[in-house]
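First the structure, in the form of structure tokens, and then the observations on it.
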Amino acid sequence: MELLQRSAAITPVDSKSYHLHRFAVPAGTEGLRLSFAYDRGGDSPHSLVTLSLFDPAGFRGAGHRFAPRQALLLTAGGATPGLLPGPLPPGEWTVEVDIHCVIAPGRYSLEVETTSGASSAGAAAPRPPPAPARGEQRWLRGELHLHSTHSDGRWTVGEMAEAARGRDIDFMFLTDHNTVSGIEALRAAAGDAIAVLPGQELTTFRGHALALGPDRWIDWRTGREGRAMNDVARDVRAADGVFVVAHPDAPPDDVCTGCRWTHDDFDPALAHAVEVWGGLWDGPEERNLGCLRLWRRWLNAGHRLTATGATDAHRPQDWAGPVPLTYVYADGASPAPILDALRAGRTYVSSGPRLEIRAVAGGGRAATVGETIDASARPTVEVTCALSPAAELRLVAGGETRARERVEGEGRVAAEVEPADRWCCAELWRGEVLLAVTSPIYVR
């Protein structure tokens with residue numbers, strides 16, 4: 001039975017807007033089939049139009065992928081990746097056409113019809129989150145930003161889990177665009193070898209952010225009914241999540257639609273962290289130096305912000321080369337200790353070398369990454385590295401390099417912190433390529 005059929009013209013003026021289409025689902029419906037198509041307007045750049053689906057109670061999934069032709073199935077027992085399987089309650093449903101970018105005038109078409117309950121799209125049996133494995137704190141290696149076929153990734157969660165087993169990581173967050181549908185399936189595929197933690201990439205029209213921790217959908221739709229990015233960040237915090245500003249200096253529209261952070265009214269105090277490094281530091285699609293500089297600027301303004309890094313991997317090749325991992329100092333790889341460490345700033349980001357920072361003041365008072373030291377006691381800050389190639393180890397305070405030393409293998413550099421410094425961190429550089437960076441010690 002056909003429930004909805006729509007076709008609409010779109011032009012560049014429609015970019016960054018939402019088109020809502022409502023339809024009634026009758027009682028006893030076993031399944032829905034959604035057919036969607038839009039004109040790309042070109043190859044590079046190209047238009048980006050996605051779908052969000054809502055039942056009478058709320059979110060039922062997203063079709064956020066670059067395919068200009070999509071066929072989505074939803075039943076109680078299975079769903080196309082991106083959608084959430086489960087009973088189909090009768091009543092008013094909504095398909096939202098999310099128009100990120102229109103390069104050239106064209107059209108989109110949308111059809112919704114009922115189907116039988118049989119579905120070839122399998123649904124993973126729910127698995128509980130990793131059990132707490134409390135113990136002494138230690139450095140754990142993790143991946144904070146990943147995409148699968150549940151959004152625009154090019155690998156299934158099974159392929160991702162198989163590849164992850166060879167990376168020597170302790171945990172990973174799945175952060176598909178505007179959906180949480182793949183988390184249980186990735187947990188099932190990963191087994192007990194790697195802790196899989198919930199997340200999503202809030203892919204707004206004016207910048208992206210990671211919501212790490214919530215296993216429910218967070219409404220990302222800024223510019224709709226007065227909703228702003230500050231409201232989104234507050235919702236992440238209310239859900240006990242960690243809000244990370246993702247790749248803020250990414251290429252602008254229309255090269256990377258909505259990727260660059262242009263939420264000019266955003267309050268950085270609502271963020272927990274900034275993704276200062278994504279993918280290869282000097283990769284052809286990366287602008288990591290700008291991300292690092294924004295983080296420093298917000299630190300200089302008095303904000304406390306954790307440094308994170310990740311591959312933003314969409315395919316196995318994105319894990320090749322000296323890509324970053326985020327190291328967190330925590331007492332277990334389950335959600336609570338990892339999220340606590342991210343909030344507290346107990347992190348460093350590295351493509352391999354170890355990097356640590358420590359401040360010692362008079363009377364034996366000490367602070368380490370994420371903590372605060374009293375500058376009136378003229379503390380000495382020491383940074384150390386290990387497993388480093390030939391590189392330059394730096395102590396950075398207030399955005400300025402206070403001390404530096406050529407190192408190879410292990411190394412050390414130290415200096416006093418000035419009373420005017422708000423923060424200090426350690427960095428390791430090989431020429432113009434960053435190898436590692438710590439979150440700050442804050443100076444009071």
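Couple of notes before you dig in:
- Residue in the stretch 190-210 that is surrounded by the most Cβ atoms within 10 Å (Cβ to Cβ), counting only those that are among the β-branched types (Val, Ile, Thr) and part of a strand (DSSP E or B): 196
- With respect to (1) in a loop (DSSP other than H, G, I, E, B); (2) under 23 Å from residue 1 (Cβ atoms); (3) polar (S, T, N, Q), the lone exception for residue 44 is condition (2).
- Here residue 187 qualifies as buried (at least 19 other Cβ atoms within 10 Å of the Cβ) and in the same structural domain as residue 327 (by TED's automatic domain parsing).
- The C-beta contact set for the stretch 84-100 (first residue closer than 12 Å to residue 52 by Cα, second residue among the hydroxyl-bearing types (Ser, Thr, Tyr) and crowded, with 19+ Cβ neighbours inside 10 Å, distance under 7 angstrom, 6+ apart or interchain) comprises 84/181; 96/52; 97/108; 98/50; 98/52; 99/15.
- Residue check, residue 78 in the same structural domain as residue 18 (by TED's automatic domain parsing) and either closer than 30 Å to residue 259 by Cβ or modelled with pLDDT under 95 (or both): no
- All positions within the stretch 317-370 that are of a type in the set (A, V, I, L, M) and surrounded by fewer than 22 Cβ atoms within 10 Å (Cβ to Cβ): 320, 336, 339, 344, 360, 361, 366, 367
- For first residues located in the stretch 305-331 and in the same structural domain as residue 427 (by TED's automatic domain parsing), partners that are part of a loop (DSSP other than H, G, I, E, B) and of a type in the set (Gly, Ala, Ser) and lie 6+ apart or on another chain with Cβ distances below 6 Å do not occur.
- For the stretch 11-29, the set of residues classified as surrounded by 16 or more Cβ atoms within 10 Å (Cβ to Cβ), assigned to a loop (DSSP other than H, G, I, E, B) and more than 27 Å from the chain's Cα centre (by Cα) consists of 29 only.
- Leading residue by the ranking (nearest to residue 173 (Cα to Cα)) among those in the stretch 242-294 that are in contact with a Ser or Thr (Cβ under 6 Å, 6 or more places away or on another chain) and among the aliphatic types (A, V, I, L, M): 244
- Residue in the stretch 287-296 that is in contact with a Gly (Cβ under 6 Å, 6 or more places away or on another chain) and at pLDDT below 95 present: no
- The stretch 211-248 - residue that is assigned to a loop (DSSP other than H, G, I, E, B) and without any contact (Cβ under 8 Å) to a residue 12 or more places away in the chain and, of those, farthest from residue 307 (Cα to Cα): 225
- Selection count where residues are touching a residue at least 60 places away in the same chain (Cβ under 8 Å) and not in a helix (DSSP H, G or I), scope the stretch 280-304: 4
The values are calculated or read from the model by the stated rules, or taken from the named source; none is laboratory data. From a predicted model like this one, the values you see are computed outputs, not experimental measurements. Reconstructed Cβ throughout: ideal geometry from the backbone, glycine too, with neighbour counts over all protein chains shown.
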